[in-house]
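Chemist: Below you will find the structure I want to go over with you.
The values are calculated or read from the model by the stated rules, or taken from the named source; none is laboratory data. Just so it is clear, the model here is predicted, and its values are computed rather than measured. Here the Cβ positions follow ideal geometry from the backbone for every residue, glycine too, while neighbour counts run over all protein chains shown. Areas reflect the complete protein model, heavy atoms only, side chains present, ligands, DNA and RNA absent. Shrake-Rupley method; radii C 1.70, N 1.55, O 1.52, S 1.80 Å.
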Amino acid sequence: MANADCIVIQGSNMAECHPVGFQWVEEAKARGAVVIHVDPRFTRTSAVCDKHIPIRAGSDVVLLGALINHVLTHDLWFREYVLAYTNAATLVSEDFRDTEDLGGLFSGFDPQTRQYDPSSWTYERDEAGAPSTDETLQHPRTVFQILKRHYARYTPEMVRDVCGIDPAMFDYLARAVTANSGRERTTCFAYAVGWTQHTLGAQYIRTAAILQLLLGNVGRPGGGIMALRGHASIQGSTDIPTLYDMLPGYLPMPKAGRDDTLRQYLDRVGSKSQKGFWANADAYLVSLLKAWWGDAATADNDWAYHYLPRLTGPHGTYQAVTGMLNDEVEGYFLLGQNPAVGSANGRQQRLGMSHLKWLVVRDLNLIESATWWKDGPEIASGELCTQDNETEVFFLPAASHVEKAGTFTQTQRLLQWRHQAVAPPGDCISELEFFIKLGNRIRARLAGSTDPRDRPLLDLVWDYPVDEHGDPDPEFVLAEINGHQLAGPDAGRCVSGFTELRADGSTAAGCWIYAGVYGGGINQAARRVPRGGPSPNQSEWGWAWPADRRILYNRASADPDGVPWSERKRYVWWDEQLRRWVGNDVPDFVIDRAPNARPDPALGGPDALAGDDPFVMQPDGKGWLFAPKGVVDGPLPTHYEPQESPIANAVYRQQRNPARITFPRKDNLSAPSAGEPGADVYPYVFTTYRLTEHHTAGGMSRWLPYLAELQPEMFCEVSPALAAERGLENFGWATIISPRAAIEARVLVTDRMTPLMVGGHTVHQIGLPYHWGVGGDAVVSGDAANDLLGVTLDPNVQIQESKAGSCDIRPGRRPHGEELLRLIAEYQSRSGATPETGNADIDLERRD
């Protein structure tokens, strides 16, 4: 980011939520970069940027789509980059139909399953099976022409009418981005959960990716899209996943009925006939299976592939809560999570836990997820009774981040080793020690079992050395993740990178993208040379996956002939004398593949990559402007309104993402949206956010008096206009009501919240920090903003829509007990909300 000429921060309050990383924005700004903040609120980030652009929550695809249209219409796209490095010239199947043809739907949508069949989104292929192309870009089914038609309606006027951004402000943004893109200059986008936590969150990022590809801002210094990771090891929790549908290194979890055999799985995930490094998925998976099951994983049993669980559907946190409410889940582990406060529809979370037989909470303090049974909101309302609760709750104190050693993986995929500063007090232990001991006890209980389902546990490689204090060695685990040779003269040697992994059982590695972090038997994540050393890429600070590359797809930093696009942005290039790629980073390419290389079309894998195929993980080696697969709700990002919205979709007749995941239940009602009866009952938009002074659901901050006193009370931010409209007084109390809950908050009347003119109507937005919860153990407590949220999910990653909801606000404190329940029910009744409200897949009423 420090090398960017323009930085657009959208979907993040980076200065407050990522203050350490924000130093690089400040450095870029000191070098002359333009910094723009697009956000519903004026924040501390906005205050230090060149421009703040207010936007209606949930409308970002329209703004980004209009930038794409602007670039295409005014011929501002980086022609040489786009023609060589993207799929712009590729022809799409003649069966494909766009949202322009089907009123907001793509071809292949099945209303019964609420899912798309993407078979019509595929490329047209020639007689040899290769994708058909038209380098002139004139064929109407080229990706380029489809892209132009798709975004033609995303105009500055549409931005005004949907986002609430006037054309002059849009023009400023468009000029800043395009003037700082091309051969000599690069623009960077930075986002966080303000983009992801929507029912089309994955498509927000896809829209930015299309724009950045068109401008040539991918794979180059100061370019790209920076996914800001806010704490601890958020990136690491997806790399070595806590996600139900992933194996380490983004290998998908097998699905029952589709991936029943190893061959079926590998043919789907990484066919040997496709280009690029995913074709080596067999080496990544077999090395993982050997790391987990050692000698029990053999060629004869397909490397113990049958030990892996199979998905039978979505198994995320919200499906788990629904299962609890249906008495289908008996036990639950909460590890550094506080869903009673931090998850959407907090009431549903707490009631779900009341159906469990047992609950284990590992945390630093007695968080609300450990105490809901004695002093939670449902105790006060009478919905739960402590004496009648049958859930047995076990609280196990955890070590904090300064009381244990290990790695954090954060923004920029950077692994950084943290050393233990102090020993954990009392009974507090690390997650590493907890799970090793839990595994030991389970395996001891199962010893001698002849039940086949116990074999995966009994056959695990589970031999972890301890130090002189009896604590497990975290560096041993890092080395296990890195991987090592199992056979031959190099047996036991740590691999230096993922290209050393093999599918013949001769290597073991716990996560293929981390291969090299312990290369040479040295903890590379512990490197701490000041400012990262002399190299421009600061390569001597920590270790970035994969292969310690600081910029992904950096082959694209040079032109098709291997020459840097400009001296100013020189990064990786082809050295004709050395016959290899060199530069200021580890080249993200086959090191000796010449720029003019054109391999035999019959080849697959890395061998099939042409010398100008920089996107080495894509099956065609190109950056995808149009995604023929991999995104389940459409090959091109399309604007849909949030699940709850006071605005009708002005772009298409289809109001909401038709593929979104819904939970139509009485305890998860949705507010009617614009044009539906009862929409005026919840007329305002609310959005949630974080504060610098608190940490997520408050478990690390509300128990600390010196942080709690900085932000002692739950509050809401409203504009002076909304305050006048609803009779709200600064520093007084307000009650905010959604179809799920009613909460109270102190009122902060501030110009930071800007009323927006959208479609001829004034839209008021209410800002709600989400750090407080109801309980008696913290230094400060308060109502939880996330209680207001409903549960509707993005279909790609199953994330909840936390950043846009509908509510009402009125002066005064909320009622208590049964009166509170009556207030919520009265609003539900007036709006006519039922489990069916907002949950139709296709909006038939808008198609007449």
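Chemist: Of everything in the range 550-579, what is touching a strand residue (DSSP E or B) at 6+ places or on another chain (Cβ under 8 Å), open to solvent by 50 Å² or more (accessible area, probe 1.4 Å) and more than 16 Å from ASP612 (Cβ to Cβ)? Give them in sequence order.
Modeler: Hit for the range 550-579 is ARG570, nothing else.
Chemist: From the list GLU567, GLU480, which one is of a type in the set (D, E, K, R), more than 18 Å from MET617 (Cα to Cα) and part of a loop (DSSP other than H, G, I, E, B)?
Modeler: GLU567
Chemist: Going residue by residue through the range 339-349, is there one that turns out to be open to solvent by 30 Å² or more (accessible area, probe 1.4 Å) and outside any helix (DSSP H, G or I)?
Modeler: No, the conditions are met nowhere in the range 339-349.
Chemist: Hey, can you tell me all the residues within the range 819-843 that are under 24 Å from CYS385 (Cα atoms) and either of a type in the set (Lys, Arg) or modelled with pLDDT under 95 (or both)?
Modeler: ARG822
Chemist: Answer with yes or no whether ALA659 is in contact with a Lys or Arg (Cβ under 7 Å, 6 or more places away or on another chain) and either more than 28 Å from GLY760 (Cα to Cα) or open to solvent by 10 Å² or more (accessible area, probe 1.4 Å) (or both).
Modeler: For ALA659, the condition - in contact with a Lys or Arg (Cβ under 7 Å, 6 or more places away or on another chain) and either more than 28 Å from GLY760 (Cα to Cα) or open to solvent by 10 Å² or more (accessible area, probe 1.4 Å) (or both) - is met.
Chemist: Can you tell me which residue among ILE591, ILE647 is surrounded by 23 or more Cβ atoms within 10 Å (Cβ to Cβ) and either assigned to a loop (DSSP other than H, G, I, E, B) or on the phi > 0 side of the Ramachandran plot (or both)?
Modeler: On the way: ILE591 fails: surrounded by 23 or more Cβ atoms within 10 Å (Cβ to Cβ).
None of the others qualify; the one that does is ILE647.
Chemist: Got at least one residue in the range 599-612 being closer than 25 Å to GLY58 by Cβ, in contact (Cβ under 8 Å) with a residue 60 or more places away in the chain and touching a strand residue (DSSP E or B) at 6+ places or on another chain (Cβ under 8 Å)?
Modeler: No, every residue in the range 599-612 fails to be closer than 25 Å to GLY58 by Cβ, in contact (Cβ under 8 Å) with a residue 60 or more places away in the chain and touching a strand residue (DSSP E or B) at 6+ places or on another chain (Cβ under 8 Å).
Chemist: Same structure, new question: Out of the residues in the range 153-168 that are under 28 Å from the mean Cα position of the chain (by Cα) and aliphatic (A, V, I, L, M), which is most open to solvent (accessible area, probe 1.4 Å)?
Modeler: MET158
Chemist: Another question, then. Among ARG141, ARG114, which is open to solvent by 30 Å² or more (accessible area, probe 1.4 Å), touching a strand residue (DSSP E or B) at 6+ places or on another chain (Cβ under 9 Å) and at positive phi?
Modeler: ARG114
Chemist: Exactly one condition in (1) open to solvent by less than 30 Å² (accessible area, probe 1.4 Å); (2) assigned to a helix (DSSP H, G or I) is not met by ARG268; state its number.
Modeler: Condition not satisfied by ARG268: (1).
Chemist: Could you list all residues from the range 520-549 that are open to solvent by less than 30 Å² (accessible area, probe 1.4 Å), out of contact with any helix residue (DSSP H, G or I) (no Cβ under 7 Å at 6 or more places or on another chain) and closer than 22 Å to THR187 by Cβ?
Modeler: Within the range 520-549, ASN537, ARG549 meet the criteria.
Chemist: Then there's this: With respect to LEU147, determine if the residue is at pLDDT 95 or above, part of a strand (DSSP E or B), closer than 26 Å to ALA659 by Cβ and out of contact with any helix residue (DSSP H, G or I) (no Cβ under 6 Å at 6 or more places or on another chain). Give the steps one after another, and end with the answer.
Modeler: Working: at pLDDT 95 or above: yes; part of a strand (DSSP E or B): no; closer than 26 Å to ALA659 by Cβ: yes; out of contact with any helix residue (DSSP H, G or I) (no Cβ under 6 Å at 6 or more places or on another chain): yes.
Criteria not met by LEU147.
Chemist: Please enumerate the residues belonging to the range 735-771 that are among the hydrophobic types (A, V, I, L, M, F, W, C), open to solvent by less than 20 Å² (accessible area, probe 1.4 Å), more than 19 Å from GLY812 (Cα to Cα) and in contact with an Asp or Glu (Cβ under 9 Å, 6 or more places away or on another chain).
Modeler: Once the filter is applied, which keeps residues that are among the hydrophobic types (A, V, I, L, M, F, W, C), open to solvent by less than 20 Å² (accessible area, probe 1.4 Å), more than 19 Å from GLY812 (Cα to Cα) and in contact with an Asp or Glu (Cβ under 9 Å, 6 or more places away or on another chain), the range 735-771 yields MET753, VAL758.
Chemist: I'm trying to understand the selection: among the residues of the range 350-398, which are of a type in the set (Phe, Trp, Tyr) and open to solvent by less than 40 Å² (accessible area, probe 1.4 Å)?
Modeler: Scanning the range 350-398 gives a single hit, TRP372.
Chemist: Is one or more of the residues making up the range 740-749 in a loop (DSSP other than H, G, I, E, B) and out of contact with any Lys or Arg (no Cβ under 8 Å at 6 or more places or on another chain)?
Modeler: No, the conditions are met nowhere in the range 740-749.
Chemist: Across the range 46-104, which residue is most open to solvent (accessible area, probe 1.4 Å) among those that are over 24 Å from the mean Cα position of the chain (by Cα) and on the phi > 0 side of the Ramachandran plot?
Modeler: ASP75
Chemist: Would you mind stating whether GLY634 is over 28 Å from THR834 (Cβ atoms), free of Cβ contacts under 8 Å to residues at least 12 places away in the same chain and assigned to a loop (DSSP other than H, G, I, E, B)?
Modeler: no
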